[in-house]
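Here's the structure, in structure tokens; my notes come after.
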Amino acid sequence: MHQSPADAKLEAIRWDRPRLSILDQLLLPHASEYVDIATSADGHRAIVSMQTRGAPAIAIVAALSLAAEISRRDFGSAQQAHDFIVDRLDYLATSRPTAVNLFDAVAKLKAVAASALASQSPAATGASVALAYVDAAEQMLAADVRDNRAIGSHGARYIAARALAQGAGAFKLLTHCNTGALATAGHGTALGIIRSLHQGAHMPAAAAASAAGEAVLDHVYFGETRPYNQGARLTAYELLCEGIPSTLVCDSAVSALLRSDPSIVGVVVGADRVAANGDTANKIGTYQLAIAARFHGREFIVAAPSTSVDLGLASGEGIVIEERDPAEITRAEGFVREALEDGRMVRQTLCVAPEGTRAWNPSFDVTPAELISAIVTEKGVFVKTPGATTYDLAKCLGEN
Ligand code: MRU
């Protein structure tokens with residue numbers, strides 16, 4: 001697959017059987033350092049601490065951390081390998097509660113281990129069960145990149161068509177959090193659509209050269225995404241690496257932005273869990289963006305692989321929302337340029353709110369399906385049937 005210099009800088013997950021390393025996203029954008037992940041305990045720690053984050057990346061790092069661990073272990077029997085895998089997958093599933101991709105991967109990988117254990121010819125061994133697991137985890141990495149590229153081209157065509165329908169030749173988009181290469185195995189979901197639009201993936205080759213008569217992505221706005229600043233730190237970094245013209249705004253500026261700039265045709269965001277009716281959990285602040293988009297008559301598009309869809313949940317009401325340490329709000333984490341030590345920037349914590357301030361820090365919110373104009377998956381773009389307020393994603397995904 002073609003890799004640009006930007007792709008190489010933005011590789012969140014490096015897997016070279018049996019070695020796994022992840023780009024430490026707590027240090028970005030000020031330092032680009034890879035951390036070795038040798039065990040499921042390392043994987044769990046990296047996910048909890050947010051060294052790696054983003055729904056698809058969480059699932060893949062969890063899966064591959066165990067692949068790295070079992071590749072280096074000998075098992076006395078097939079049963080022993082199976083039981084070890086199940087135990088460690090249950091442990092990895094306790095790392096973060098909201099993104100369903102993790103639970104989807106855990107269920108699929110348990111099924112792989114069970115089926116490898118049941119193999120009669122050839123008879124299962126510890127090594128064969130471990131190998132089946134590692135193959136399956138590796139395939140998840142490759143499938144995520146493929147799915148994201150498909151999301152990118154479906155979404156790019158849909159958005160460009162909506163922009164043209166609104167008479168906008170050159171148009172802008174607004175996004176939230178980080179949903180790019182850093183949050184996935186590569187390319188990204190919502191940011192993947194932006195990347196595909198920038199690359200002209202929605203245009204026939206001749207038109208891409210001239211852009212004549214086509215809608216062209218002109219500019220991207222993105223919110224800082226307090227308190228973790230996935231927008232200000234990570235999306236900013238990805239957009240700069242890709243040379244996509246962009247502007248950072250405070251999360252609280254988005255309504256004013258939509259009012260002031262009519263060339264923003266829509267908002268495009270990712271998802272951590274999409275219920276069967278289309279209700280979508282995503283980074284805190286997404287819900288208010290959807291309300292603002294509806295008020296200002298703009299598209300509100302969710303982009304996610306089908307591994308983010310939880311058909312077991314009828315609506316968003318059952319989605320568990322992670323609450324993180326209030327200190328993430330009362331303090332600000334950052335790097336201080338003046339405090340250079342041996343040429344390295346130093347990470348510092350600044351107190352923002354007075355000691356004793358109480359804070360509520362939900363990491364995600366749920367946007368009702370009613371506010372979502374379209375859901376883009378690798379299988380295509382889904383819109384509600386006229387007059388409906390919800391989606392039937394089981395039908396859309398061909399699962400019933
Ligand atoms: O807390 P994070 O950084 O893991 O949250 C990330 C998001 O909310 C993303 O929008 C979502 O996981 C989709 S990433 C393709």
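No lab work stands behind these numbers, since they all come straight from the coordinates. This one's a predicted model, so the numbers in the text were calculated from it and none came from an experiment. Note that each Cβ is placed from the backbone with ideal geometry, even for glycine, and that neighbours are counted across all protein chains shown.
Numerical summary
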| quantity | calculated |
| --- | --- |
| Residue under evaluation LEU109, criteria (1) within 30 Å of MET50 (Cβ to Cβ); (2) touching a Gly at 6+ places or on another chain (Cβ under 7 Å), criterion not met | (2) |
| Single condition ARG347 does not satisfy, out of (1) part of a loop (DSSP other than H, G, I, E, B); (2) in contact with a strand residue (DSSP E or B) (Cβ under 6 Å, 6 or more places away or on another chain); (3) more than 16 Å from the ligand (Cβ to nearest atom) | (1) |
| Condition broken by ALA62, with the remaining ones in (1) part of a helix (DSSP H, G or I); (2) farther than 29 Å from GLN348 by Cα satisfied | (2) |
| Tally of residues being at negative phi, of a type outside the set (Ser, Thr, Tyr) and surrounded by fewer than 23 Cβ atoms within 10 Å (Cβ to Cβ) across region 291-309 | 8 |
| Cβ-Cβ under 6 Å pairs, at least 6 apart or on other chains, region 172-195 side within 13 Å of ALA271 (Cα to Cα), far side part of a loop (DSSP other than H, G, I, E, B) and away from the ligand (no atom under 11 Å from the Cβ) | none |
| Options SER308, SER260; residue that is hydroxyl-bearing (Ser, Thr, Tyr) and in contact with a helix residue (DSSP H, G or I) (Cβ under 9 Å, 6 or more places away or on another chain) | SER308 |
| Hits in region 267-303 - residues which are away from the ligand (no atom under 16 Å from the Cβ) and in a strand (DSSP E or B) | GLU299 |
| Contacts under 9 angstrom Cβ, first residue in region 300-312 being touching a residue at least 40 places away in the same chain (Cβ under 8 Å) and among the β-branched types (Val, Ile, Thr), partner near the ligand (Cβ under 8 Å from one of its atoms) and in a strand (DSSP E or B), 6 or more apart | ILE301/VAL269; VAL302/VAL269; VAL302/ASN282 |
| Options LEU248, LEU258; residue that is surrounded by fewer than 24 Cβ atoms within 10 Å (Cβ to Cβ), outside any strand (DSSP E or B) and in contact with a strand residue (DSSP E or B) (Cβ under 9 Å, 6 or more places away or on another chain) | LEU258 |
| Region 48-67, residues that are surrounded by fewer than 24 Cβ atoms within 10 Å (Cβ to Cβ) and either touching a residue at least 40 places away in the same chain (Cβ under 8 Å) or away from the ligand (no atom under 15 Å from the Cβ) (or both) | VAL48, MET50 |
| Residue ID - farthest from LEU234 (Cα to Cα), chosen from residues in region 186-203 that are more than 10 Å from the ligand (Cβ to nearest atom) and aliphatic (A, V, I, L, M) | MET203 |
| Odd one out for ALA107, checked against (1) of a type in the set (A, V, I, L, M); (2) crowded, with 18+ Cβ neighbours inside 10 Å; (3) away from the ligand (no atom under 16 Å from the Cβ); (4) assigned to a helix (DSSP H, G or I) | (2) |
